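Quick note: the coordinates plus some simple rules give every number you see, no bench work behind them. What you see is a predicted model, and the numbers here were worked out from it, not measured in a lab. Heads up, the Cβs are rebuilt from the backbone with ideal geometry, glycines too, and the neighbour counts pull from every protein chain shown.
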Amino acid sequence: MDRKLSVIITTFNEEANIARCLESVQGIADDILIVDSFSTDETIKIAQSYPVRIEQRAYQGPADQKNWAIPQAQNEWILLLDADEVATPELCTEISTMLSGESPPGNDVYWIGRDNFFLGQQVRFSGWQGDQVVRFFHRDRGRYDDVQVHEEIVTEGLKVGRLHGRLQHFTFRSLEHYLDKTRRYARWSAQDHAAKTPKVRYYHLLAKPVFRFIKHFVLQQGFRDGKVGFIISVIMAWGVFLRYSYLKEQS
């Protein structure tokens with residue numbers, strides 16, 4: 001029995017990525033919905049050259065945007081992508097096989113591993129090696145938790161599976177893009193941490209960033225990624241410092 005698949009892609013100024021993302025799902029998508037946060041570049045123009053539906057909506061946060069988009073899907077099964085992600089042929093084949101089987105997929109949601117790329121190379125360590133996200137799920141069961149940073153589908157009470165096929169994640173277009181996103185995420189993360197950090201201390205501003213660097217560069221073997229691993233580890237530590245600096249500013 002053939003079950004149809006909806007692909008949801010959230011966008012904002014993704015002209016560098018959107019065509020590559022759309023190309024990767026052309027063979028499996030029966031319905032493609034792009035939810036755009038009023039891009040000012042060529043994102044919409046590029047997307048319109050593909051068979052897609054486009055909705056524009058003001059951006060309140062990643063979880064809010066995705067939770068709004070999910071019920072708009074035309075089909076029960078959804079593959080949800082960020083515009084800087086690519087569904088590999090192996091992943092597409094696996095999903096197609098599951099949806100064409102006599103029985104529906106046996107779980108409500110599925111984890112998918114991601115291979116991350118930055119500054120022209122695949123990052124195999126630095127804390128990124130175990131990266132995985134829930135992106136294939138049943139429309140009526142998948143919803144994101146209400147946080148501003150690192151939003152994820154809530155799996156509590158659901159049947160959870162794991163796919164063998166992987167996503168490719170072209171994380172940041174440049175070092176400047178990474179720094180800008182880290183700064184933005186630090187502000188959002190400060191909102192998420194405000195309730196549990198009533199007072200910012202030197203521990204938060206000094207010890208936690210240092211430990212974050214050690215975690216990524218030493219414990220998670222960022223040194224094996226060479227200079228790229230060092231850059232990632234420093235920026236991750238800087239992001240923690242910024243989070244608590246913004247919290248201090250708000251107090």
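Site pair Arg53 and Val218 shows an inter-label distance of 5.2 nm when each label is modelled 7 Å from Cα along Cα→Cβ.
Over the C-alpha atoms of the chain, the Rg to Rh ratio, Rh being the Kirkwood estimate, stands at 0.98. Using a cutoff of 8 angstrom between alpha carbon atoms and counting only pairs six or more residues apart, the relative contact order for the chain works out to 19 percent.
From a point 7 Å beyond the Cα of Arg124 in the direction of its Cβ, which residues of segment 206-222 have a backbone N at a distance under 19 Å? It comes to 216-222, nothing else. Electrostatic bookkeeping for Asp2 treats Lys and Arg as +1 and Asp and Glu as -1; over the other residues with beta carbon under 15 Å from its beta carbon, the sum is -2.
Label sites at Glu176 and Asp41, each approximated as a point 7 angstrom past Cα along Cα to Cβ, lie 1.2 nm apart.
In a reduced charge model with +1 at each Lys and Arg Cβ and -1 at each Asp and Glu Cβ, segment 49-180 shows a dipole moment near 200 debye about its Cα centre.
Spacing of the modelled spin labels on Thr93 and Arg187, each 7 Å from Cα toward Cβ, amounts to 4.5 nm. Once the C-beta distance of Ala195 and Glu249 is scaled by a Förster radius of 22 Å, the resulting FRET efficiency is 0.85 to the nearest 0.05. When you count the other C-beta atoms within 10 angstrom of each residue and take the mean per peptide, 112-119, 174-181, 223-230 line up highest first as 112-119, 223-230, 174-181. Picking from Thr40, Leu163, Leu80, whose Cα lies most toward the positive end of the charge dipole for segment 5-170 (charges on Cβ: Lys, Arg +1; Asp, Glu -1)? It is Leu163, whose Cα lies furthest towards the positive end. With neighbour counts taken as other beta-carbon atoms within 10 Å, the residues Thr97, Thr43 rank, fewest first, as Thr97, Thr43.
Beta-bridge orientation, the chain: approximately 40 percent antiparallel, per DSSP, counting only bridges with both partners inside. Dipole of the chain computed with +1 at Lys/Arg Cβ and -1 at Asp/Glu Cβ about the Cα centre; of His204, Leu242, Phe137, farthest Cα towards the positive end is His204. Over segment 103-251, Cα pairs under 8 Å with separation of 6+ residues give a relative contact order of 29 percent.
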